[in-house]
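The values are calculated or read from the model by the stated rules, or taken from the named source; none is laboratory data. Keep in mind that what you see is a predicted model, and the values were worked out from it rather than measured. Virtual Cβ from ideal backbone geometry, glycine too; neighbours counted across all protein chains shown.
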Amino acid sequence: MAKPTGLFIGRFQPFHNGHMLVVEGMTKLCGKIWIGIGSSEDHHTNENPFSAQERIEMMQRALQGKDLIPMYDINFVELPDETDDTAWRNKVLEKTGPVDVVWTGNAWTAKCFEGVVPVKPIKEVPGISATGIREKMKSGGDWQSLVPKEIVSFTQEIDASSRL
């Protein structure tokens, strides 16, 4: 029996250790993994400081650092926002093709797929959230321990702290 295709949707602003745990878990269960970059059109704001291409680059580096790329079939897809939930879900599935399960920590995303594709809810890792990480980046707090080391170096390369 073929392993299922999984879709992990998030904004990844930035990609952190909790996200990495999800992807590592997916590699054990899925034959193919799609990582959906939510709100892909938003960037260079306090809530969305990184562009879709920057988010993809940081994830590729972090996943390569764990030898998950190219060992597993991991693909990225940009998912711009839509005003209609059904239209958004249908566009997502057009871009990815059929998926067997959707992983998300976002209630709205789960609702969009409910009854169409099984949803595996993700529980937040205590003490790790992208919002908290962005706040620590802005205030000079310790955020580096909450993200893969490749994310630290990437954010330094692009001078991300100047955007927050």
Can you tell me which residue is nearest to Gly18 (Cα to Cα) among those in segment 100-121 that are β-branched (Val, Ile, Thr) and outside any helix (DSSP H, G or I)? Thr104
All but one of (1) touching a helix residue (DSSP H, G or I) at 6+ places or on another chain (Cβ under 7 Å); (2) touching a residue at least 60 places away in the same chain (Cβ under 8 Å); (3) not acidic (Asp, Glu) hold for Val23, so report the exception by its number. (2)
Which condition from (1) farther than 21 Å from Ile122 by Cβ; (2) assigned to a strand (DSSP E or B) is the one that Ile35 breaks? (1)
Being crowded, with 17+ Cβ neighbours inside 10 Å, of a type outside the set (Lys, Arg) and under 14 Å from Ile9 (Cα atoms) is the filter here, so list the residues in segment 28-75 that pass it. Ile33, Trp34, Ile35, Gly36, Ile37, Gly38, Ser39, Ser40, Ala52, Ile56, Met59, Ile74
How many residues are of a type outside the set (Asp, Glu) and at pLDDT 95 or above when one looks only at segment 137-154? 11
Is there a residue being surrounded by fewer than 16 Cβ atoms within 10 Å (Cβ to Cβ), free of Cβ contacts under 8 Å to residues at least 40 places away in the same chain and over 29 Å from Met1 (Cα atoms) anywhere in segment 91-98? no
